[in-house]
Amino acid sequence: MTSKLWEEFKSFAFKGNMIDLAVAVVIGGAFGDIIKAIVNDVIMPLVGYVISILHIPSNYTTWHLGNFMVGHLLAAMVNFLIIASAVFIVIVKMIGAMMQKATASTPEPGEPTTKECPLCLSVIPIKARKCAHCTADLA
């Protein structure tokens, strides 16, 4: 009974989809660390610099209207926008450009440049009006 259960578990756990998912989770976690580093080490110092120039109090997270913590909500929304922008720039723009450059090297199959003569079956240019081999008139 236990050996059958073990075999079923092995077939479930080591399927290709499960391994792909595990790899994606690990890489996603590592990529999340990269995004956090970009936001914390590059973008947030720039935001702090802009805030100091505009004379906005840096402790805006404590702003409130009555019992509503407006500053906390504002801080969460600003952090979301900064992180979403960083992800968009890094993933969509940079990696998308690299992927487009990688796939651009393989030419797409375009329009055919040759055709077959219906009489002698030789290969002739697609725009030919007469076969060069059998001199048949083509439509």
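Side notes on the structure shown:
- Note on Leu54, Leu81: ascending count of other Cβ atoms within 10 Å places them as Leu54, Leu81, the fewest first.
- Counting beta carbons within 10 Å around each of Tyr49, Tyr60 and listing the fewest first gives the order Tyr49, Tyr60.
- Selection from Phe68, Leu81, Cys120, by position along the positive dipole direction of the stretch 22-139 (Cβ): Cys120
- Think of it as helices only: each DSSP H run of n ≥ 4 in the chain is worth -39500 (n - 2.57), and spread over all residues that comes to -17000 deg cm²/dmol at 222 nm.
- Positive end of the dipole of the chain (Cβ unit charges, origin at the Cα centre): among Gly32, Ile91, Thr103, the Cα lying farthest that way belongs to Thr103.
- Surface/4 of the Cα convex hull for the chain, nm²: 22.9
- Helix 16-38 vs. the chain, principal-axis angle (Cα, 0 to 90°, nearest 10): 50
- Unit charges on C-beta of K, R, D, E only; dipole of the chain, Debye: 280
- Cα gyration tensor shape of the stretch 82-139, rounded if a/c is under 1.5, else prolate or oblate by comparing a/b with b/c: prolate
Every read-out reported here was derived from the displayed coordinates using simple, explicitly stated rules and does not represent laboratory data. As the structure is a computational prediction, the values presented were derived from the model and not from experiment. When we count neighbours, we look across all protein chains shown, and the Cβ atoms used for this are built from the backbone with ideal geometry, even at glycine.
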